[in-house]
1. Listed residues Thr23, Thr70; which is open to solvent by less than 70 Å² (accessible area, probe 1.4 Å) and outside any loop (DSSP other than H, G, I, E, B)?
2. Could you please tell me which pairs satisfy a Cβ distance under 7 Å, a separation of 6+ or placement on different chains, a first residue in region 149-174 that is touching a residue at least 12 places away in the same chain (Cβ under 8 Å) and of a type in the set (D, E, K, R), and a second residue that is part of a helix (DSSP H, G or I) and open to solvent by less than 10 Å² (accessible area, probe 1.4 Å)?
3. Got a sec? Which of Glu92, Glu127, Glu178 is assigned to a helix (DSSP H, G or I) and either more than 18 Å from Val58 (Cβ to Cβ) or at pLDDT 95 or above (or both)?
4. Report, by residue number, each residue of region 5-18 that is within 17 Å of Val58 (Cα to Cα), surrounded by 15 or more Cβ atoms within 10 Å (Cβ to Cβ) and out of contact with any Lys or Arg (no Cβ under 6 Å at 6 or more places or on another chain).
5. Just to be sure I understand the filter: pairs with C-beta atoms under 7 Å, separated by 6 or more residues or on different chains, first member in region 1-25 and more than 13 Å from Glu37 (Cβ to Cβ), second member assigned to a loop (DSSP other than H, G, I, E, B) and of a type in the set (Phe, Trp, Tyr). Which pairs pass?
6. Mind listing just one residue for me: the one in region 133-157 that is among the basic types (Lys, Arg) and surrounded by fewer than 13 Cβ atoms within 10 Å (Cβ to Cβ) and, of those, modelled with the lowest pLDDT?
7. With (1) touching a residue at least 24 places away in the same chain (Cβ under 8 Å); (2) under 23 Å from Ala165 (Cβ atoms) as the list, and Ala75 as the residue in question, which single condition is left unmet?
8. Determine, yes or no, whether Gly96 is more than 14 Å from the chain's Cα centre (by Cα) and not charged (D, E, K, R).
Amino acid sequence: LPRQKNAALRLLSYRPYSKAELTTKLQDRFSATDLEEALLRLEEVGLQSDREVASVFVREKWRVSKWSPTRVRHALVQLKGVDEQTAETALEEIFGKPEEAASAFEGWGRDVDDIDIDDDDGGVSAELWQAVSRKWRGMRSVSSLEAKQRRMLGWLQRRGFSWSASSRYTRMCVERLEENEDSIH
């Protein structure tokens, strides 16, 4: 088993891999039972952990790309091969319980002014608002309001946000940022 462990450790020295990713990468070189045993030993001694992979992935995709919980969950389960429970646990670390995350992004029937975007504790609504407003301000050269709205909707939806969340944050840009720019000119 040293060859299997060494091959897995070589991969893990570059970045964290899920057990499923390691299995896929190494399955052609080693028998399934030997590989499974080697990966279990790595997990037992703490050198490989799907939970850690999921946690790092969720933090990184939220911090850098502002992916929605739905898109992150899909990537974890479908691309990384992490089980649903591990994915949910990692998502809760950043976004809270699923109901809390949904309410933070959707606003379910709340007025635009009721969404807590000025949250000083770094809540996900406030973080998303900061990214959205930064993106909106970066579109100053776009003269048409409709074009800005279309681009913002697309930007949010490509990150996995629902239509209602995307349109709510876009509307907030128009109401809070566009009106401020108009009053300056």
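1. Only one candidate passes the filter, namely Thr23.
2. Between residues of region 149-174 that are touching a residue at least 12 places away in the same chain (Cβ under 8 Å) and of a type in the set (D, E, K, R) and residues that are part of a helix (DSSP H, G or I) and open to solvent by less than 10 Å² (accessible area, probe 1.4 Å), the close pairs are Arg168/Val112; Arg171/Val112.
3. None of the others qualify; the one that does is Glu178.
4. Of everything in region 5-18, those that are within 17 Å of Val58 (Cα to Cα), surrounded by 15 or more Cβ atoms within 10 Å (Cβ to Cβ) and out of contact with any Lys or Arg (no Cβ under 6 Å at 6 or more places or on another chain) turn out to be Pro16, Tyr17.
5. Leu11/Tyr17
6. Top of the filtered list is Arg140.
7. (1)
8. Taking the combined requirement at face value, the residue does not satisfy it.
The values are calculated or read from the model by the stated rules, or taken from the named source; none is laboratory data. Computed from a predicted model, the values in this text were never measured in an experiment. Glycine also receives a Cβ, built like all others from the backbone with ideal geometry; neighbour counts cover every protein chain displayed. All accessible areas refer to the heavy atoms of the entire protein, side chains included, with ligands and DNA or RNA removed. Shrake-Rupley method; radii C 1.70, N 1.55, O 1.52, S 1.80 Å.
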